[in-house]
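Please read the structure below before turning to the comments.
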Amino acid sequence: MPARGMPVPERCRPERRRPLLGRRRREAAEEEVEETPQEKKLRLAKQYLEELRQLEEEWAEEEEELEPADLIGDRLKEDVLEQRGRLQRLVAKDVQPPDPARIRVLRGHQLPVTCLVISPDDRFIFSASKDGSLIKCKWEVDSGKRLCVVPGGKKGTEERHMGHASQVLCMAISSDSKYLATGDRNKLIMIWDAATCKRLHIFRGHRDAVSGLSFRKGTHQLYSASHDRCVKVWDVAENAYVETLFGHQDIITGLDSLSRECCVTAGGRDGTVRLWKIPEESQLIFCGHQGSIDCIQLVNEEHMVSGADDGSLALWGLTKKKPLALARQAHGEQDSQGLQQPYWISAVAALRNSDLLATGSHSGSVKLWKCGEGFRKLEHLLDIPLVGFVNSLKFSAAGDFLVAGTGQEHRLGRWWRIKEAKNSICIIPLKQKTTASSPESPGSS
């Protein structure tokens, strides 16, 4: 260590950084002095606007993140209500009588139309007839265009012939629009590619006419009903038979299902409606009609509607064995050989998860109904003029149109013939009052 008073060697002296730091501070101060008050105000204003812009961007990002979550939450809530059968869109009170001039009539079948379905996206209508033909129509507001026709053939030619060789009585489409299923009097179920109308497979197993078909929603599981009094379950994706359920004492005339692993059937002259629980291989029996029950459809997972040849329309809850509401002689009476007989209910339709129903007969009109007071009342809304036997009715998923399959004869027989009727498909636009949309209400059984 150097002695006191001795000069410090050059290499031991600290670096002289202070003058450099002081010079920078002086330069910054000079720059600050050079900024005028107006320039400072302008700089601060720009800075403030930039902060506001960044804040708005952050808020927008947060809203974008929250919006899908809200939509998903609403959808999940809707799905839960739908599963419980408590989702009810109150649309019936807003439906207006359609303009007859806007009802479109699509011709193409030689014999009465027996069944039809609408694709889940409401773009296509598939129809079938007693002539065995299958027609796919593209629905448009102003025109109906036939996209595909599969003609019927002669009995026994199914293997080498593309289409049915006997009367087609029922059809169904899967919820993903991939498969179309059709059933005929010759005990066959045919599976089609819904996009191309190409036949993919034939299911055999029923011992009599196939009269009802329905895909379980969200799956490729197919339920079929027959005049042989049984219900069969099929896996269409695997081209496989699953099981058979027995119980009806007469021919089954109709079948429907939704997303639960169960289906409902109409039992014709045995006078019963049945709920089939597939996993348990059990059934619930409902009684209420006096005549042959010819048609049935689920309104939601907890309610269904059926029609019979005694003219009655019944509204059911799946937890009650008697109808919640019953409209007798729903389409009035006719003079048959000097006797007053009620018009048969030949078709029913329900706008899913709503309070709107439709019924068809050969009375000269389609009737619209409202399910009131928590599914405990049937209220007649209006009549839509339509000549002929209404053999099939379907609402579009959006509820903006109703499609009717009509003919000169009933789909299951030739008891009467209405010569002035046309074998056709009628597209009926449904107008609603221009009011705020009605809230969804829980229905109760």
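Pairs linking a residue in the stretch 335-357 that is outside any loop (DSSP other than H, G, I, E, B) to a residue that is open to solvent by 40 Å² or more (accessible area, probe 1.4 Å), with Cβ atoms under 7 Å and 6 or more positions apart or on different chains, are GLN340/GLU333; GLN341/GLU333; PRO342/GLN329; PRO342/GLU333; ALA349/LYS394; SER354/ARG89; LEU356/LYS370.
Where strands (runs of 3 or more DSSP E) fall entirely within the stretch 263-303, those with at least 1 residues that are open to solvent by 20 Å² or more (accessible area, probe 1.4 Å) and over 25 Å from TYR343 (Cα atoms) are at 272-277, 282-287.
Taking GLY405 as the residue in question, decide whether it is within 24 Å of the chain's Cα centre (by Cα), open to solvent by less than 20 Å² (accessible area, probe 1.4 Å) and more than 30 Å from SER166 (Cα to Cα). No: the conditions fail for GLY405. Residue count for the stretch 186-208, restricted to those that are free of Cβ contacts under 8 Å to residues at least 40 places away in the same chain and buried (at least 21 other Cβ atoms within 10 Å of the Cβ): 3. Do the conditions hold for LEU368, that is, is it touching a helix residue (DSSP H, G or I) at 6+ places or on another chain (Cβ under 7 Å) and of a type in the set (A, V, I, L, M)? Here the answer is no, as LEU368 does not meet what is asked.
Taking the stretch 358-373 as the range and being of a type in the set (S, T, N, Q) and assigned to a loop (DSSP other than H, G, I, E, B) as the test, the residues that pass are SER361, SER363.
If the condition is being of a type in the set (A, V, I, L, M, F, W, C) and either free of Cβ contacts under 8 Å to residues at least 24 places away in the same chain or in contact with a helix residue (DSSP H, G or I) (Cβ under 8 Å, 6 or more places away or on another chain) (or both), then the stretch 238-262 contributes ALA240, VAL242, PHE246, CYS262.
Conditions tested, residue by residue: (1) open to solvent by 40 Å² or more (accessible area, probe 1.4 Å); (2) modelled with pLDDT under 85; (3) under 26 Å from GLY254 (Cβ atoms).
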residue: ASP74; (1), (2), (3): yes, yes, no
residue: GLN88; (1), (2), (3): no, yes, yes
residue: SER119; (1), (2), (3): no, no, yes
residue: ILE125; (1), (2), (3): no, no, yes
residue: GLN167; (1), (2), (3): yes, no, yes
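When ALA327, ALA397, ALA421 are checked against the criterion of being within 23 Å of the chain's Cα centre (by Cα) and among the small types (Gly, Ala, Ser), a single residue qualifies: ALA397.
Only a single criterion out of (1) over 20 Å from LEU313 (Cα atoms); (2) touching a Gly at 6+ places or on another chain (Cβ under 7 Å) is not satisfied by THR253, namely (1).
State whether the residues of the stretch 228-251 include one that is within 28 Å of GLY374 (Cβ to Cβ), open to solvent by 20 Å² or more (accessible area, probe 1.4 Å) and in a loop (DSSP other than H, G, I, E, B). No, the stretch 228-251 contains no residue that is within 28 Å of GLY374 (Cβ to Cβ), open to solvent by 20 Å² or more (accessible area, probe 1.4 Å) and in a loop (DSSP other than H, G, I, E, B). Within the stretch 309-334, the set of residues being in a strand (DSSP E or B) and either closer than 13 Å to LYS377 by Cα or open to solvent by 60 Å² or more (accessible area, probe 1.4 Å) (or both) comprises LEU313, ALA314, LEU315, TRP316, GLY317, ALA325, LEU326, ALA327, GLU333.
The values are calculated or read from the model by the stated rules, or taken from the named source; none is laboratory data. Keep in mind that what you see is a predicted model, and the values were worked out from it rather than measured. Cβ atoms come from the backbone with ideal geometry, glycine included; neighbour counts cover every protein chain shown. Note: accessible area is taken over every heavy atom of the protein model, side chains too, but ligands, DNA and RNA are not part of it. Shrake-Rupley method; radii C 1.70, N 1.55, O 1.52, S 1.80 Å.
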